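Here is the structure we will look at.
The values are calculated or read from the model by the stated rules, or taken from the named source; none is laboratory data. This is a predicted model, so every value here is computed, not measured. Ideal geometry is used to build each Cβ from the backbone, glycine not excepted, and the neighbour counts take in all protein chains shown. Quick note on the areas: whole protein, heavy atoms, side chains included, nothing else; ligands and nucleic acids left out. Shrake-Rupley method; radii C 1.70, N 1.55, O 1.52, S 1.80 Å.
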There are 2 protein chains.
Amino acid sequence: MSRDRIGIIGARGLVGTEALRLLAERRWPADQVVAFSTGGTGPPTVAASVAYGDEALPLQAISDETVRGVGWFIIAADEATSRRVVPGLLKNGAIVVDNSSAFRMDPSVPLVIPEVNGHALDGASSLIANPNCSTIILLLALNPLRKALGLESVHVATYQAVSGAGAAAIAELHEQSEAALAGRELPPAVFPVPAAFNVFCHESPLDADSGLCGEETKIIRESARIWNGSTVPIAPFCMRVPVIRAHSQVISVRLCRETTANEIRRLFASAPGLELLDDRENGCFPTPRKATGRDEVLIGRIRPSFGERCNESVGCRDWSFLVCGDQLRKGAALNALQIIERLGGLAPAGVGATASPNDIAV
Amino acid sequence: MSRDRIGIIGARGLVGTEALRLLAERRWPADQVVAFSTGGTGPPTVAASVAYGDEALPLQAISDETVRGVGWFIIAADEATSRRVVPGLLKNGAIVVDNSSAFRMDPSVPLVIPEVNGHALDGASSLIANPNCSTIILLLALNPLRKALGLESVHVATYQAVSGAGAAAIAELHEQSEAALAGRELPPAVFPVPAAFNVFCHESPLDADSGLCGEETKIIRESARIWNGSTVPIAPFCMRVPVIRAHSQVISVRLCRETTANEIRRLFASAPGLELLDDRENGCFPTPRKATGRDEVLIGRIRPSFGERCNESVGCRDWSFLVCGDQLRKGAALNALQIIERLGGLAPAGVGATASPNDIAV
């Protein structure tokens, strides 16, 4: 079968919309892109369409007929949808990248960040799992340090955008902010507490035994899998902030070896998928606003964790820095598309910009 | 001279306003409270007044005449103002609590959080320094752990409200948020980058040698002073979030001894100035909104830092938790007033609520 056509399942969601935007940027011809609804609940989607560059794609329901001849799939839907539709797509011979957490801990399914463990795609299964957005952003930052200097332990406090909870969460932040500015209070619906002008614990369910929320558990377990059974201890603490779509993380590492700020800057500057933004003189550092819409994860404010206890030029083992990454791009849709591109799924005519070499290098 | 009257210098600022609110709550008679301008730049303040409960206080300029007979002062102004006015006030025999950073590292001036090192007030100098807001909130949380279990190291990532940068910062967040919701962009003036729907590094100047910003350096140096020369390493990373007035902190500690979540909860629950909010079942944890206007610093989401590596019931040494405290209350005006109350500066008639015993206990 032709591997040319690519299908986006959940094309109306935030991640699906972003996937279509990335394909349009890469100039995949519109007739080679198929937009699927999740076939889930909600009103019938007949006659609905989604934007694709300047064109519109009809929104298809998933059926034997509509998936025929589609060689690649990105599933941007919930776990239940993924579990329901994946078997049929695989049986049909398609390559599927699933953005949900349904298969991430399945040992037979590679869990891949191309820049970190792209080798896991060699001779891969037809189903590949896309990691959690926070895991992707964290490991993209940590990977160069781990390779060059070794990691002894990691602390990460997140400042996560509301987009991770879907389009309804963005709408809620918008409406709540408007109300608050007008002196009114709009009760929360998507989140357990008000999001506007607030900060709160990530809303994923808490594990009674570990005390960790789902997001924190994902970071720990997925990191260990992607790093091939790594035992580096990671202490994540996941918080939501009133930001639309890019996640920020304050990361503190203890390295296995002493190093200097300049060596860390060199490592980050040459690492694929990262962009160094570390201008102390002008106070120019990453922010989620700067990261929004960007493929690269921004990294900077590199400094010894314990300040004056470290002589920067001599070096030390404890370092802290800030990363900001677009949760819908590298944290979701872009990573999935990079996996497909690495497996050979490129725009059929060979036209358009594929990812730059850096974007998919390991 | 009578010690009855109390003067608030900088009575129109955020911290000054909060100090007046606290005095009114405690029912200090209006004729015993004197509101001072900073005598700094700006239009003449003659005939201006400030609210005091249901009454209004005339705003006074600082002069030999106006400070006469005022026994207590809280200075809620910038460093330069404090340096200028303190000598005259002390010469006059007054007790002065200064909220600026002007005298915080002066070895002859006690730097005091009453719950943590109230003993430093015994036989005190007439000038007492109020610590930085982030330091107060952090040490209130850490102190019970340090006393009972010992601290080996501390990581703290802050989520700081814009109120720390003054009333103009709150106005900027308000106006920028309105503009952003209307699809417009309002360039930043108080902060170096947009505050609305963003997260950014604390704006205090960066030290070229340590790489730390002023806020982070204050946390490290003031903590060491308050803890009597403590050498516990603290790794602070200070960020601003679009929140109006309460600061949040994600704190991770390595303790000297193993302990359990329940033991930590017991320590926090019985510590003065803290309120435990740690309901995993209902997902009820501190938020800056809940902490706003509260005297207590809220603390919760207590969990082993590295999750499943720790068996909670057996115990471990690495713990993380969240604190949220009103930066203008306990982080500034309340702490200053508690110092005065501890030194005997109580509402003259003995009427009204003084701080509860917990608030000023050591």
Which value results for Rg/Rh of chain A when Rg is the Cα radius of gyration and Rh the Kirkwood radius based on the inverse mean 1/r?
0.97
May I ask you to list the aspartates and glutamates whose Cα is less than 16 Å away from that of A:K290, ignoring any residue fewer than eight positions away on the same chain?
A:E275, A:D278, A:D279, A:D326, B:E185
With unit charges on the beta carbons (Lys and Arg positive, Asp and Glu negative) and the dipole taken about the Cα centre of chain A, which residue among A:I226, A:A291, A:Y159 sits farthest to the positive side?
A:I226
Share of alpha-carbon pairs per 10 Å distance bin for the stretch A:226-329, given as whole %:
14, 41, 36, 9, 0
Modelled FRET efficiency - R0 41 Å, A:S108 with A:S270, Cβ distances, 0.05 increments:
0.75
Under a 10 Å cutoff between Cα atoms, tell me which one of B:G53, B:G150, B:G183 has the largest fluctuation in the Gaussian network model of chain B.
B:G183
For an R0 of 41 angstrom, estimate the FRET efficiency from the Cβ-Cβ distance between A:A148 and B:E258 and round to the nearest 0.05.
0.75
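If I take all pairs of Cα atoms in the stretch B:57-163, what percentage of them are more than 16 Å from each other?
Above the 16 Å cut-off, the stretch B:57-163 has 65 percent of its Cα pairs.
What average number of partner chain Cβ atoms lie no more than 10 Å from the Cβ of the residues making up B:177-183?
On the way: counts 7, 4, 0, 4, 6, 1, 0.
Average neighbour count from other chains, rounded to a whole number: 3.
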Each residue of the stretch A:284-289 in turn: what ³J(HN,Hα) in whole Hz from Karplus with 6.51, -1.76, 1.60 and θ = phi - 60°, glycine and Pro shown as x?
9, 9, x, 9, x, 5
So which of B:K147/B:K330; A:K218/B:K147; B:K218/B:K330 end up more than 25 Å apart, counting from Cα to Cα?
A:K218/B:K147
Under 5 Å from the placed amide H of B:E152, counting only residues 5+ away or on other chains, we find B:R254, B:L255, B:C256
Expected field for A:F191, accessible surface area in Å² at 1.4 Å probe radius, rounded to 10, holds 10 Å²
HN-Hα couplings for the stretch B:235-242 via Karplus (6.51, -1.76, 1.60; θ = phi - 60°), in whole Hz with x for Gly/Pro, come out as 10, x, 9, 9, 10, 9, 10, x
So in chain B, which Cys have no other cysteine's beta-carbon sitting under 4.7 angstrom from theirs?
B:C133, B:C201, B:C213, B:C238, B:C256, B:C284, B:C324
Shortest first and in nm with one decimal, please list how far the B:G283 label point sits from its counterparts in the other copies (point 7 Å along Cα→Cβ).
3.6
Once ligands and nucleic acids are excluded and a 1.4 Å probe is used, how much of A:I244 is accessible, expressed in Å² to the nearest 10?
60 Å²
In a Gaussian network model of chain B with springs linking alpha carbons closer than 10 Å, the residue among B:E296, B:E281, B:E222 that fluctuates most is B:E281
Given unit charges at Cβ for Lys, Arg (+) and Asp, Glu (-), the dipole magnitude of chain A about its Cα centre in debye, nearest 20, is 460 debye
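How many Cβ atoms of partner chains, on average, are near each residue of A:245-256 if near means within 10 Å of its Cβ?
On the way: counts 1, 2, 1, 5, 1, 13, 2, 6, 0, 1, 0, 0.
Other-chain Cβ atoms within 10 Å of each residue's Cβ, averaged: 3.
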Compute, for A:S126, the solvent-accessible surface of its heavy atoms (probe 1.4 Å) with the complete set of protein chains present, and express it in square angstrom to the nearest 10.
50 Å²
Note: the protein assembly as shown at 4 °C, 1.567 mPa s; Kirkwood Rh on alpha carbon pairs; Stokes-Einstein D in µm²/s works out to 48 µm²/s
Using just the Cα positions, wrap the stretch A:178-246 in a convex hull and report its mean projected area in square nanometres, one decimal place.
6.0 nm²
What are the ³J(HN,Hα) values, in whole Hz, obtained from phi via the Karplus relation 6.51 cos²θ - 1.76 cosθ + 1.60 with θ = phi - 60°, for each residue of the stretch B:5-10 in sequence order, with x given for Gly and Pro?
7, 10, x, 10, 9, x
With a 1.4 Å probe and every protein chain left in place, work out the accessible area per residue of chain A in Å², rounded to a whole number.
37 Å²
Per residue of A:296-305, count partner chain C-beta atoms within 10 Å of its C-beta, then hand back the mean as an integer.
3
On the protein heavy atoms, probe 1.4 angstrom, tell me the percent of accessible surface of the protein assembly as shown carried by carbon and sulfur.
50 percent
Ranked from highest to lowest mean number of other Cβ atoms within 10 Å per residue, what is the order of the peptides B:317-326, A:60-69?
B:317-326, A:60-69
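Total accessible area buried between chains B and A, 1.4 Å probe, in Å² to the nearest 100?
The buried area between B and A, both sides summed, comes to about 5300 Å².
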Using the Cα centre of the protein assembly as shown as the reference point, and only Cβ charges (+1 on K/R, -1 on D/E), how large is the resulting charge dipole? Debye, rounded to the nearest 20.
780 debye
Closest-to-axis residue of chain B (Cβ criterion, axis taking B to A), whole Å
B:A157, 2
Mean separation of Cα pairs under 8 Å and 6+ residues apart, divided by the residue count of chain B: what relative contact order is that in percent?
20 percent
For a bin width of 5 Å, list the pair-distance distribution of the stretch A:128-217 built from all Cα-Cα distances, rounded to whole %.
2, 11, 18, 18, 16, 14, 10, 6, 4, 2, 0
Which residue fluctuates the most in chain B, going by a Gaussian network model with Cα springs under 10 Å, if the choices are B:A77, B:A11, B:A24?
B:A24
